[in-house]
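Below is one structure, written out as structure tokens; comments come after it.
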Amino acid sequence: MSTSNEQAPQRPLDFERLEEDEMQARAKAMYQRYDKRRTVRHFSQDPLPLEVVRKCILAAGTAPSGAHKQPWHFCLVTDPGIKGQIRQAAEQEEYRNYHGRMNAQWMSDLQPFATNHIKPHLEEAPALIVVFRQTWQSDSSAPKGKSQNYYVQESVGIACGMLIAALHECGIASLTHTPSPMDFLAKILGRPSSERAFLLLPIGYPKKGCQVPDIQRKRLEDICTEITPKTAG
Ligand code: IYR
């Protein structure tokens, strides 16, 4: 990508304005589908159609980003040896988290989810997607050979949300996993020093009989405040 002082060429937006009935129907169906997504911790070892996963990664890569820098990189890991290395390193970090690094309040907030430092899903899930954020990018035309990226956390966070939604839409379950610190991921996967791991996402089909915590989502009134025009009078 080159640094340029020119505006990008423009082209007409491809956008279809929908009838309101159609908007209502889509909103309802989309919410119902999204509401069925659950974080899954028990995966079947059945392989996934990777072409579907690649399309989901392409969908995530359509996310908006600061100055259109697209400051993300996705590693799709199916190699059992590498998954084993990731599990071993993640469990080492998580052991320290569960034995002193997380405070009592944090440990108590996690109790409903019955998590611990043992992470079999990192090997059982047929694939792991490791998302990296790029703090800068090599660019021979930029000063010092590096181009800056902007709003990296926000951009990559949005891309991850889109990835999780895309996978769910295609019938693939995921677990948002953020073993911290995650520096071991860049090392194991040979990523450059411009990148930091952002999210580790085991993906696959849920194991037969998979159970999830029976938890409730907040209601619209709890998550949304409407600031409407004051009525006249
Ligand atoms: N990273 C640890 C602990 C953990 C933290 C949160 I916040 C969670 O929602 C779940 C787990 C782990 O993955 O076990």
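Some values worked out for this structure:
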| item | result |
| --- | --- |
| Gyration tensor over alpha-carbon atoms, region 1-91, equivalent ellipsoid semi-axes in Å | 34, 27, 12 |
| Once exposed loop chymotrypsin sites (Phe, Trp or Tyr not before Pro) are cut out (DSSP; at most 13 other Cβ, 10 Å), longest piece of the chain | 16-149 |
| Neighbour net charge for C210 - beta-carbon separation under 14 angstrom, K R +1, D E -1 | +3 |
| Mean Kyte hydropathy of 1.0 or more with a Cα span along the axis of at least 18 Å, helices from DSSP in the chain | 152-169 |
| Å² of accessible area per residue within region 172-233, as computed with a 1.4 Å probe and no ligands counted | 71 |
| Extension reserve of the S193-Q92 stretch, reckoned as 0.36 nm per residue once the Cα distance is removed | 34.1 nm |
| Trypsin sites (Lys or Arg not before Pro) within region 173-233, DSSP loop, no more than 12 other Cβ atoms inside 10 Å | K208, R217, K218, R219, K230 |
| Summed residue charge, Cβ within 15 Å of F132's Cβ, Lys/Arg positive, Asp/Glu negative | +3 |
| Total formal charge among the other residues, if their Cβ is under 13 angstrom from that of R87, Lys/Arg +1 and Asp/Glu -1 | -4 |
| Carbon + sulfur, % of accessible area of region 88-233 - ligands and nucleic acids excluded, 1.4 Å | 52 |
| Excluding exposed DSSP-loop GluC sites (Glu not before Pro) (at most 14 other C-beta within 10 Å), longest clean stretch of the chain | 20-225 |
| Point-charge dipole on Cβ atoms (K/R +1, D/E -1) for region 84-233, about Cα centre, debye to 20 | 240 |
| Span from the region 41-62 Cα centroid across to the region 164-233 one, whole angstrom | 14 |
| Using a Förster distance of 41 Å, the FRET efficiency for M23-Y150 (Cβ separation, nearest 0.05) | 0.80 |
| Lysine pairs within region 26-139, Cα separation less than 25 Å, 8 or more sequence positions apart or different chains | 7 |
| Mean separation of Cα contacts under 8 Å (6+ apart) over length of the chain, as relative contact order % | 31 |
| Value of [θ]222 nm, deg cm²/dmol, for the chain, DSSP H segments ≥ 4, -39500 (n - 2.57) each, nearest 500 | -11000 deg cm²/dmol |
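The values are calculated or read from the model by the stated rules, or taken from the named source; none is laboratory data. The model shown is predicted, which means the values in this text are computed figures rather than measured ones. When we count neighbours, we look across all protein chains shown, and the Cβ atoms used for this are built from the backbone with ideal geometry, even at glycine. Ligands, DNA and RNA are excluded from the accessible area calculation, which covers all protein heavy atoms including side chains. Shrake-Rupley method; radii C 1.70, N 1.55, O 1.52, S 1.80 Å.
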